[in-house]
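The values are calculated or read from the model by the stated rules, or taken from the named source; none is laboratory data. If you're wondering where the values come from, they're calculated on a predicted model, not measured in any experiment. Positions of Cβ are generated from backbone atoms using ideal geometry, with glycine treated the same way; all protein chains shown enter the neighbour counts. These area figures cover heavy atoms from the full protein model, side chains too; ligands, DNA and RNA do not enter into them. Shrake-Rupley method; radii C 1.70, N 1.55, O 1.52, S 1.80 Å.
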Amino acid sequence: MKTLFKDITLINNKDKTNVLVNGKRIEKIGNDIRCDDADRIIDGRGKLLMPGLYNAHCHSAMTLFRGYGEDLPLDRWLNEKIFPAEDLLTSEAVYAGSKLAIAEMIKNGIVSFTDMYNFCDDTAKAVIETGIKANLGRAMLSFDPSENLAESDRFKEAASLADDFNGAADGKLKIDMAIHAEYTNNENSASFVAEYAAKNGLGIQIHLSETEKEHRECIERHGKTPAQFFLDTHVFDVPVSAAHCVYVTDEDMDIMVSHKVTAVHNPTSNLKLGSGVMPLRKMLDKGVNVALGTDGVASNNTLDIFKELSLASILHKGISRKADITTASEMIKLATENGAISQQRYDCGKIEVGALADLVLIDLNAVNNIPMYDTASAVCYSVNSSNVLMTMADGKVLYENGEYKTLDIEKVKYDIIHVLEHYFD
């Protein structure tokens with residue numbers, strides 16, 4: 001299948017051009033593409049074509065808890081509301097919650113997400129069925145230093161997930177190991193997971209220095225920061241995606257740069273939980289790969305990277321009182337190419353010949369996008385998820401003009417209502 005986007009606007013390109021997708025990849029870009037080369041021609045006038053968005057940190061099935069446990073700081077939110085609710089989770093609930101999350105994400109232009117949770121087999125099935133991409137990791141928690149983690153159900157589930165699903169759906173699905181955080185683990189468990197990931201060629205997902213309390217108490221426990229803890233337990237010997245990074249030190253950032261650790265900025269979640277703000281400018285200046293994430297909807301309420309992009313762009317201008325501390329073009333990379341790098345998807349996140357065709361079509365004729373003097377600024381500050389006309393992953397259309405192509409949205413809604421009726425019975 002060859003699809004031609006004809007007379008289309010690209011970010012940072014003043015002149016309209018043509019983009020030809022052949023199967024999974026972008027085959028040609030330019031004005032010399034013949035229309036009879038394509039099986040389908042999409043009129044690009046009044047539209048912008050941009051790389052697909054990456055949600056580099058979320059807990060997809062937490063759609064079940066949207067609006068549950070509001071207005072609490074992280075430690076109370078987790079211990080009083082979320083952890084007790086998660087103890088009641090079932091396979092059916094996680095599958096339904098994951099499907100709802102995926103429906104929301106592809107409607108919002110997200111082509112891939114990084115997910116740390118439980119019952120990951122069910123999320124994996126939802127990913128395969130819907131055609132989105134994902135990096136999934138079964139969250140590991142271990143409070144007992146003497147525990148034989150290899151015999152724990154948690155590790156067996158994580159290892160089984162990797163055996164069954166890593167590389168599934170022609171590479172759309174990747175499996176990571178996942179260490180929930182320093183404060184929910186110990187040196188033995190972190191080292192064990194790191195060794196397993198290294199032997200099996202897997203990345204690792206972690207939460208890192210999300211709150212001041214977490215950061216301070218780690219120093220009290222170990223005499224080192226969470227980043228230094230993960231360095232010393234060899235977690236950073238493999239590709240790592242570290243969510244939050246609100247309280248990392250300069251030395252922590254240097255460690256992250258030298259070990260190519262991605263920091264995932266979750267501005268809405270960190271603000272809503274009163275956790276603080278990542279030192280974004282300092283991280284970027286040091287060379288840290290920074291991507292954007294929503295976190296779970298229980299601490300965000302939406303799965304919308306356009307919202308995170310806009311908020312992250314203006315947040316750091318406000319707290320620094322420097323309007324030029326970030327630029328639109330720079331910030332868009334966080335939502336696209338940098339997110340792809342965080343998932344080790346190095347042929348994604350950009351519109352160039354040979355790249356996988358992960359694309360989002362935006363309506364520039366929407367009232368909130370008129371007039372448009374600069375495409376990057378429009379994407380960063382004007383465009384919102386309601387302007388998404390099409391979401392394409394690996395050349396396959398997942399959503400177009402309000403219609404889902406790979407899932408039955410009414411069944412998704414019915415299933416989530418059915419689960420919730422029994423969940424809180």
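Does SER60 meet the test of being in contact with a helix residue (DSSP H, G or I) (Cβ under 6 Å, 6 or more places away or on another chain), at pLDDT 95 or above and under 23 Å from VAL193 (Cα atoms)?
yes
A single entry from ALA243, ALA227 fulfils the requirement of being without any contact (Cβ under 8 Å) to a residue 60 or more places away in the chain and under 23 Å from the mean Cα position of the chain (by Cα): ALA227. Exactly one residue among THR90, THR123 is among the β-branched types (Val, Ile, Thr), closer than 19 Å to ILE206 by Cα and in contact with a helix residue (DSSP H, G or I) (Cβ under 9 Å, 6 or more places away or on another chain), and that residue is THR123.
Pairing each residue of segment 182-204 that is touching a residue at least 40 places away in the same chain (Cβ under 8 Å) and over 20 Å from THR114 (Cα atoms) with any residue that is open to solvent by less than 40 Å² (accessible area, probe 1.4 Å) and among the small types (Gly, Ala, Ser), provided the two are 6+ apart or on different chains, yields C-beta distances under 7 Å for ASN185/SER142; ASN186/SER142; SER189/SER142. Of everything in segment 2-30, what is at positive phi and either part of a strand (DSSP E or B) or over 27 Å from the mean Cα position of the chain (by Cα) (or both)? Give them in sequence order. Those that are at positive phi and either part of a strand (DSSP E or B) or over 27 Å from the mean Cα position of the chain (by Cα) (or both): ASP7, GLY30. Of all residues in segment 248-262, exactly one satisfies the criterion of being crowded, with 24+ Cβ neighbours inside 10 Å and within 20 Å of SER320 (Cα to Cα), namely VAL248. Examine segment 192-201 for a residue that is touching a Ser or Thr at 6+ places or on another chain (Cβ under 8 Å) and under 25 Å from ARG76 (Cα atoms), and state whether such a residue exists. No, segment 192-201 contains no residue that is touching a Ser or Thr at 6+ places or on another chain (Cβ under 8 Å) and under 25 Å from ARG76 (Cα atoms). Filtered by the rule that a residue be within 19 Å of the chain's Cα centre (by Cα) and part of a helix (DSSP H, G or I), segment 257-277 gives PRO267, THR268, SER269, ASN270, LEU271, LYS272.
Might you let me know whether segment 131-143 holds any residue that is part of a helix (DSSP H, G or I), over 23 Å from THR233 (Cα atoms) and open to solvent by less than 60 Å² (accessible area, probe 1.4 Å)?
Within segment 131-143, none of the residues are part of a helix (DSSP H, G or I), over 23 Å from THR233 (Cα atoms) and open to solvent by less than 60 Å² (accessible area, probe 1.4 Å).
Only one of (1) in contact with a Ser or Thr (Cβ under 8 Å, 6 or more places away or on another chain); (2) farther than 22 Å from MET390 by Cα fails for LEU53. Which number is that? The one condition LEU53 does not meet is (2). Those helices (runs of 4 or more DSSP H) of segment 317-425 in which at least 1 residues are open to solvent by 60 Å² or more (accessible area, probe 1.4 Å), more than 30 Å from GLY201 (Cβ to Cβ) and of a type in the set (A, V, I, L, M, F, W, C), considering only elements entirely within it, cover 409-423. In segment 31-45, the qualifying residues are those that are under 30 Å from LEU303 (Cα atoms) and outside any loop (DSSP other than H, G, I, E, B), and the one that is least open to solvent (accessible area, probe 1.4 Å) is ILE42. If you check ASN12 against the conditions, is it among the polar types (S, T, N, Q), within 30 Å of ALA243 (Cβ to Cβ) and either surrounded by 14 or more Cβ atoms within 10 Å (Cβ to Cβ) or free of Cβ contacts under 8 Å to residues at least 24 places away in the same chain (or both)? For ASN12, the condition - among the polar types (S, T, N, Q), within 30 Å of ALA243 (Cβ to Cβ) and either surrounded by 14 or more Cβ atoms within 10 Å (Cβ to Cβ) or free of Cβ contacts under 8 Å to residues at least 24 places away in the same chain (or both) - is not met.
Counted as qualifying within segment 148-247 are the helices (runs of 4 or more DSSP H) with 1 or more residues that are open to solvent by 10 Å² or more (accessible area, probe 1.4 Å), in contact with a Phe, Trp or Tyr (Cβ under 8 Å, 6 or more places away or on another chain) and closer than 25 Å to LEU292 by Cα, namely 212-222. Checking each residue of segment 214-224 against the condition of being within 21 Å of ALA56 (Cβ to Cβ), at pLDDT 95 or above and within 22 Å of the chain's Cα centre (by Cα) gives no match. Filtering LEU303, LEU292, LEU280 for residues that are within 18 Å of the chain's Cα centre (by Cα), open to solvent by less than 10 Å² (accessible area, probe 1.4 Å) and more than 27 Å from ASP363 (Cβ to Cβ) leaves a single hit, LEU280.
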